[in-house]
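Data first, discussion second: the structure below is written as structure tokens.
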Amino acid sequence: MDFMTMAKRRCAVRGYLDKAVEEEKLARLVQAARVAPTAGNCQPVRLITVQTPEGLAKVGKAAELYGAPLAIVVCADRSKAWTRPFDGKQTCDIDASILTDHMMLQATELGLGSVWIGYFQPEVLRRELDLPEDLEPINILAVGYSDQFPGDPSRFDRTRIPAEELVWKTL
């Protein structure tokens, strides 16, 4: 499938079938994250893959997982991130976002649904997963087999600003 078709097929899934994600598909998701670029190739991102009922219950104390059988907690170590010297801007959030996007698109190609979760309680997640002080949870990716209809690829014509508005300036 070409990139634009895959990108338009991807949608936020908030309902999953009671079916585990196969290990080979999880491995492909991790590989998609592994090849994602990070600023300065510093690779500050670490993943926690959660599939057991006990683990999902722990993550579920901090965030709504919508019944997904797999949660990938995306964390970053700020001490390992590249920092822009002019203003001290660290790239942890950007790096974590790129990895998450790679995993979402890989999930779509594999026939899996996903939803990017930024609405979670970081301190609860930190406590439940016993995260070390240097790892900051950035987001959670819920993954599984969708129980919803696929997203309508034409929805972007209705829900996104036009390209002429998106491109603010052309020089």
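The values are calculated or read from the model by the stated rules, or taken from the named source; none is laboratory data. Computed from a predicted model, the values in this text were never measured in an experiment. Cβ placement follows ideal geometry from the backbone for every residue including glycine, while neighbour counts extend to all protein chains displayed. These area figures cover heavy atoms from the full protein model, side chains too; ligands, DNA and RNA do not enter into them. Shrake-Rupley method; radii C 1.70, N 1.55, O 1.52, S 1.80 Å.
Hey, got the dipole for the range 1-153? About the Cα centre, +1 on K and R Cβ, -1 on D and E Cβ, debye to the nearest 20?
That gives the range 1-153 a dipole magnitude of about 200 debye.
Whenever you get a sec, compute what percent of the accessible area on the range 1-100 sits on carbon and sulfur atoms (1.4 Å probe). Show your work: numbers first, answer last.
Numbers: 3000 of 5540 Å².
The computed percentage sits at 54.
Which residues does a label at LYS89 reach in the range 149-167, if reach means a backbone N under 19 Å from a point 7 Å past the Cα toward the Cβ?
Under 19 Å, as judged by backbone N against the label point of LYS89, lie 167 of the range 149-167.
Need the list of lysines near LYS80 for cross-linking: C-alpha distance under 30 angstrom, and skip anything on the same chain fewer than eight residues off.
LYS25, LYS58, LYS61, LYS89
Taking the dipole about the Cα centre of the chain, with the C-beta of Lys and Arg at +1 and of Asp and Glu at -1, give me whichever of PRO85, VAL21, LEU166 is farthest to the positive side.
Of the candidates, LEU166 comes out farthest on the positive side.
When only DSSP loop residues count, what chymotrypsin sites (Phe, Trp or Tyr not before Pro) in the range 65-133 have their Cβ near at most 15 other Cβ atoms within 10 Å? Can you show the working numbers first?
Values: sites: TYR66, TRP82, PHE86, TRP116, TYR119, PHE120; in loops: TYR66, TRP82, PHE86, TYR119, PHE120.
Hits after loop and neighbour filter: PHE86, TYR119.
Tell me, what is the FRET efficiency for TRP116 and LYS19 to the nearest 0.05, using R0 = 25 angstrom and their Cβ-Cβ distance as r? Kindly include the intermediate steps, with their values, before the conclusion.
Details: r = 21 Å, r/R0 = 0.83.
According to the calculation, E is roughly 0.75.
Please report the net charge: other residues with Cβ closer than 14 Å to the Cβ of LYS61, K and R +1, D and E -1.
Residues near LYS61 contribute -2 overall.
So what J values fall out for the range 18-28 if you push phi through Karplus, 6.51 cos²θ - 1.76 cosθ + 1.60 with θ = phi - 60°, rounded to Hz, Gly and Pro as x?
Once rounded to whole Hz, the list reads 7, 9, 5, 7, 5, 4, 5, 6, 4, 4, 5.
What longest range of the chain stays clear of loop-exposed GluC sites (Glu not before Pro) (DSSP non-H/G/I/E/B, at most 15 other C-beta within 10 angstrom)?
Details: sites that count: GLU22, GLU64, GLU133.
My reading of the result: 65-132 is the longest stretch.
Which whole number in µm²/s is D for the range 4-83 by Stokes-Einstein, with the Kirkwood Rh taken over Cα pairs at 37 °C and 0.692 mPa s?
On the way: Rh = 14.7 Å.
D = 224 µm²/s.
Take the Cβ-Cβ distance between ARG158 and MET1 as r, set R0 to 25 Å, and report the resulting FRET efficiency rounded to the nearest 0.05. Kindly include the intermediate steps, with their values, before the conclusion.
Working: r = 22 Å, r/R0 = 0.90.
Efficiency for this residue pair is about 0.65.
Which of ARG28, ARG14, ARG155 moves most in a GNM of the chain, Cα contacts under 10 Å?
Maximum fluctuation in the GNM of the chain, among the listed residues, is at ARG155.
Which translational diffusion coefficient, to the nearest whole µm²/s, is obtained for the range 75-171 from the Stokes-Einstein equation, given a Kirkwood hydrodynamic radius over C-alpha pairs, 10 °C and 1.306 mPa s? Could the numbers behind the result be given before it?
Working: Rh = 16.5 Å.
The Stokes-Einstein estimate is 96 µm²/s.
So what is the 222 nm mean residue ellipticity for the chain from helices alone, if each DSSP H run of at least 4 adds -39500 (n - 2.57) and you divide by all residues, rounding to the nearest 500 deg cm²/dmol?
On the way: 7 runs with 61 residues, N = 171.
After summing the helix terms and dividing by residue count, I get -10000 deg cm²/dmol.
For the chain, with every protein chain kept in place, what is the accessible area per residue (1.4 Å probe, Å²)?
It amounts to 59 Å² per residue over the chain.
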